[in-house]
Amino acid sequence: MTRNRPAGGRSTVRRTSGGAALAGAAALSLLLAGCNPGGEGVRTEGTASSPPASTGTGRSAHAPSPSPSVSAPYEKVDAVQLVKDDPKVGDDVKKSLGKPCAAEEYPVEVTYAALTHGKDPDIVVNVMTCADSVGIGSYVYRKKGGRYENVFADEQPSVYAGVNKGELEVSKQTYGTGDKVCCASGEDVMTYRWTGSRFVEYARYHTDYSNNGGTKAASPEPAPED
């Protein structure tokens with residue numbers, strides 16, 4: 001179950017006639033698929049009350065692709081407390097986690113995936129507003145010496161971090177003059193790779209919704225050497 005930025009729609013199941021044998025075969029296939037031990041290497045869980053509002057026409061969903069499976073088993077962490085205890089997290093983000101939203105749920109989404117090639121799964125945390133689920137902080141935590149350390153942070157609204165093909169993908173909605181929060185003019189998508197000590201941006205795309213969804217690619221400036 002992977003939740004990302006606004007998805008384009010829901011799939012539907014279409015029932016066809018073909019007799020009990022066909023129905024039994026389909027049920028068996030679904031059962032076997034659900035028991036597949038291979039896994040995708042990405043686990044996402046979220047407690048946000050609703051997904052971020054979709055913006056503009058022609059916007060496609062950026063569903064994350066599976067990352068390589070991790071060597072260590074998935075272990076759930078208290079992401080809310082992790083963010084609260086992080087000195088790198090801004091006061092505004094911590095304040096937004098002072099109390100839960102409706103239904104006693106915090107506006108936090110957590111993804112466990114292999115991003116930094118460590119023996120333990122990395123943790124991607126997205127913090128959103130309660131009212132409209134606008135991303136206000138995205139972080140990546142890497143386990144080192146039994147503790148999680150912050151190796152990536154972006155607190156520029158509207159930000160959302162996800163996993164695409166085993167790499168970190170960060171998106172930000174862009175607004176023009178007069179745009180409402182619900183209706184951004186476009187979106188920037190940046191892809192980062194782990195270099196061994198930090199994430200470095202290597203690709204960037206911009207989608208302008210007011211221009212019929214035209215997408216432009218931009219090459220980032222070379223990152224300084226460590």
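A few comments on the model shown:
- Segment 75-108-segment 115-146 distance, computed between alpha-carbon centres (Å): 11
- The length gained on full extension between Ala131 and Thr195, counted as 0.36 nm times the residue separation minus their Cα-Cα distance, comes to 19.4 nm.
- Remark: spin-label model distance Arg204-Thr177 equals 2.3 nm, labels positioned 7 Å along the Cα→Cβ axis.
Bear in mind these aren't lab numbers, they're just calculated from the coordinates by the rules spelled out. Treat the numbers as computed from the prediction; the structure is a model and nothing was measured. As a convention, Cβ positions derive from the backbone with ideal geometry for all residues, glycine included, and neighbour counts pool all protein chains shown.
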